[in-house]
Amino acid sequence: MSLLQQAPRFSIDAAADLARACYGLDASATLLPSERDQNFLLTTPAGARFVLKVANATEARASLEAQNAAMALVAARTGRCPNVVPAAGGESILAPAGSPHLVRLVTYLPGIPLAQHGHRTPALLEDLGRCIGEVDLALAGFDHPAIHRDFHWDLANAARVIGEHVPLVRDAALRALVERVGDRSLQDVDVRTRWLRRGAIHNDANDWNVLVDEGRISGLIDFGDMVASWIAGDPAVAIAYAVLDHPDPLPAASAIVRGYHAVNPLEDEEIAALFPLVCLRLCMSVCLAAWQQEQRPDDEYLGVSQDPIRRTLPRLADVEPAVAENVFRRACGLGARMTTSEIAVARRRTMGGNLSVAYRTPVHAVRGWMQYLFDADGRRYIDGYNNVPHVGHCHPRVVAAAERQMRALNTNTRYLHEALETFAERLISTLPEALRVCYFVNSGSEANELALRLARAHTRRRELIVLDAAYHGNTTTLIEISPYKFNGPGGSGRPDWVHVAPVPDVYRGAHKAGDHNIGEKYATGVAEIVEWLRSQGRGLCGYIAESCPSVAGQIMLPPGYLAAVYRYVREAGGVCIADEVQTAYGRIGTHFYGFEQQAVVPDIVVLGKPIGNGHPIGAVVTTEAIAASFDNGMEFFSTFGGNTVSCAVGLAVLDVLHDEQLQSHAAQVGAHLLERLRRLQQAHPLVGDVRGSGLFVGVELVRDTKTLEPARREAADVVNAVRESGGLIGTEGPSHNVLKIRPPMPFTETDADDLVSMLSSALQEAR
Ligand code: PMP
């Protein structure tokens, strides 16, 4: 039986009899409007008034208990709702014999419904906002099992309710409008839900449930729709109905927001979600009315708000959500948000001209969640680019760890703290036996700088071998050892003490994939430099390389390469530095670190980006012998390196990596991605090479698969087209023709399929 068929049908006389029998009230009864219950206004001969509430037969006792408890709380704290009147025997809920309906008596709240009140002045609306704010404040912390329910009026169910019932809306124009506004608002809300506070809410401050008396809001009635949901839902519902047929909906709404915020401050994300929630409530109302009217075509109350909604929704559809957000922010006394174009203009004014911004149409990102970014318009992007938020943008365990530690203590390494030692021990446990001494800094650059100092202190030499096209960081010295920079625009060439070995690029280099002993062949590039230095009487300090050269074009080192290189370097007395800033922590799927794929053990390992998941942490791990050489009397100290919060974050990242088994996930998803990309290669002549391991992937675009002419412009077109379709990737390599894919590790096979299909269309266009 449908819930609507069970509405009570007490007569006025039966209600008066009940009042007399159960509450000892001698009163006349009149019927008040209600959707699914029966409410009787009782008036005693002395003029005292009460409301007798006869519940729908489907109403569970627990739900009425929750309502009573909430009303008692709100009435006591605010006086802005009816209070429960117990029966002579003390019960607050009665079950009259022979009836399936539970009965309650509540005090009468004076006033007429806002729906019937003529003039909705700004002052009255502000008071409405205050009233809802006070109610929500009174309900803060209130809980009851009955309000945790799957309820069709819960705004959190908007997608389902609209999806299921919108086909029942007979008026085609209204149906199309609800679909359009509903879609837009769902998208806007969807990206924010994670950040909306939850709690017990009244959930039905429609203009029939808001009473006005003597020019002010006397209060809110009918707690029957209470639910545990987004707190912002309460002001949203109030706004939705208060602006119906209002000549200026937005200023009217902002008066309510002002009142609410003054007593119960809204958070940024709630303010942003308010307008879409208002629209959703009205869309839900249209859809649910259509559904209910199918079942009870004669019930007038069901359609009570429909005509005003039909008139008002088109006006709300014309309001830009971002404009509404700024109007509401101002109502709360907060500054308006800068628009995307205002930010772009300010950026040109305030930032150095060589601070680049990605994409022809830059992305104005405002939120991140795992492998997704969301822009200011609420658009979702699959993040195929950012390897810094390694375990996912804003991973809640990492956020919680940082927040917890920030509250407790954040200081430096001059004091003893368990977090520093635990993090260091956990980090060392991920590395080969020989690497057992840690230093903490704040970035990859700082870590590489420190690695150079360690190498120099240990060898007392300076000559360094680097790989062509490499990048190791932004400091003065690191620019000097990064061919990508010193040979690039604005660079001042190779310093005398830096020696550049060829990149072992098996696609484009001198030795191609499949060549016999290819790793050894490329290693001779290093051997020749070592030999030349020896012939010049110059001693070698060391060799530094990424374990999978990324800036050089997402290169995978051929087997045997590093083993041979390390042999040559060590024979010459040099140390071997592995820059694992991009490849550490399971990204390559097969191993936790890139160098492990080459079966070598470096003397110094440099860590950055992923180890703090966006929190700035750099680390250097080395051998006891090198650490001893560095401990030469000069103190080492980094103010922020190894601070307590960073250590808590670093530990949380390692915990998540382990608990969510992200390395094996990367192996599995990476294999799937590479397989899909290789299929793409068959279909698109521009794709010259697909390479990678785990979630470290490169797709090299060439104009001609014989000459390997780099398709630089096409690569830029592809990256921008993918951005337009909702995916973020970048370009890499000396000719900027290698598509770089290295997403946060939670990236799924579905994300891979979606990204590959965006790539496929983009490649089609770029030809
Ligand atoms: N090494 C490598 C391999 C890098 O890719 C980078 C940054 N792109 C760095 C070092 C420098 O790291 P940071 O920007 O954190 O200083």
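The numbers here are math on the coordinates, done by the rules we state, and not lab data. Here the structure is a predicted model, which is why all the values come from computation and not from measurement. So basically every Cβ, Gly included, is an ideal-geometry build from the backbone, and we count neighbours across all protein chains shown.
At-a-glance table
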| read-out | value |
| --- | --- |
| Selected from Thr422, Asn487, Val506, residue furthest toward positive end of dipole (the range 413-562; charges at beta carbon) | Asn487 |
| Under 21 Å from the Cα of Lys609 - lysines, other chains or at least 8 residues apart | Lys485, Lys740 |
| For the chain, with +1 on Lys and Arg beta carbons and -1 on Asp and Glu, the positive-most of Ala95, Ala15, Gly392 along the dipole | Gly392 |
| For the range 533-587, alpha-carbon Rg relative to the globular expectation (2.2 N^0.38 Å, N residues) | 1.29 |
| Charge dipole magnitude, Cβ of K and R +1, D and E -1 - the range 632-725, Cα centre, debye nearest 20 | 440 debye |
| Candidates per chymotrypsin sites (Phe, Trp or Tyr not before Pro) in the range 588-680, loop by DSSP, up to 12 other Cβ within 10 Å | Phe637 |
| Radius 14 Å from Cβ of Ala715, net charge of other residues (Lys, Arg +1; Asp, Glu -1) | 0 |
| Sorted peptide list for 264-270, 732-738, criterion being average Cβ within 10 angstrom, highest first | 732-738, 264-270 |
| By average C-beta atoms within 10 angstrom, highest first, the peptides 672-680, 185-193, 336-344 | 185-193, 672-680, 336-344 |
| Estimated Rh, the range 4-107: Kirkwood, alpha-carbon pairs, angstrom | 13.8 Å |
| Contact order relative to length of the chain, as percent, for alpha carbon pairs under 8 angstrom and 6 or more apart | 11 percent |
| Efficiency of FRET between Leu168 and Asn474 - r from beta-carbon atoms, R0 41 angstrom, step 0.05 | 0.10 |
| Proximal lysines to Lys521, defined as alpha-carbon separation beneath 24 angstrom and excluding residues fewer than eight positions away on the same chain | Lys512, Lys706 |
| Share of pairwise Cα separations in the range 662-766, more than 22 Å, in percent | 22 percent |
| Under the Karplus curve 6.51 cos²θ - 1.76 cosθ + 1.60, θ = phi - 60°, whole-Hz ³J(HN,Hα) for the range 618-626, x wherever Gly or Pro sits | x, 8, 10, 10, 9, 7, 5, 5, 5 |
| DSSP-assigned coil residues among GluC sites (Glu not before Pro) in the range 163-239, each with at most 15 further Cβ atoms within 10 Å | Glu214 |
| Net lengthening on full extension, Arg296/Arg678 (0.36 nm per residue, minus Cα-Cα) | 131.7 nm |
| Alpha-carbon Rg/Rh ratio, for the range 113-331, with Rh computed the Kirkwood way | 0.93 |
| ³J(HN,Hα), Karplus 6.51/-1.76/1.60, whole Hz, each residue of the range 81-86, x for Gly, Pro | 7, x, 10, 7, 10, x |
| Degrees separating the helix 561-571 axis from the principal Cα axis of the chain, which is the longest one | 50 degrees |
| Environment charge at Pro321 (Cβ cut-off 10 Å; Lys +1, Arg +1, Asp -1, Glu -1) | -3 |
| Ordering of 73-81, 230-238 by burial proxy (mean other Cβ atoms within 10 Å per residue, highest first) | 230-238, 73-81 |
| Chymotrypsin sites (Phe, Trp or Tyr not before Pro) restricted to the range 409-480 and DSSP loop, no more than 10 other C-beta within 10 Å | Tyr415 |
| Cα gyration tensor, the range 379-494 - rounded (a/c under 1.5), prolate or oblate | oblate |
| With Cα atoms, 0 to 90° folded angle of helix 749-766 axis to the chain main axis | 70 degrees |
| Over the chain: helical MRE at 222 nm, DSSP H runs n ≥ 4 each giving -39500 (n - 2.57), nearest 500 | -13500 deg cm²/dmol |
| Whole-Å semi-axes of the chain's equivalent ellipsoid (Cα gyration tensor) | 66, 28, 22 |
| Using alpha-carbon coordinates, inclination of helix 340-350 to the longest axis of the chain, degrees | 40 degrees |
| Descending Cα extents along the principal axes, the range 137-243, whole Å | 40, 35, 22 |
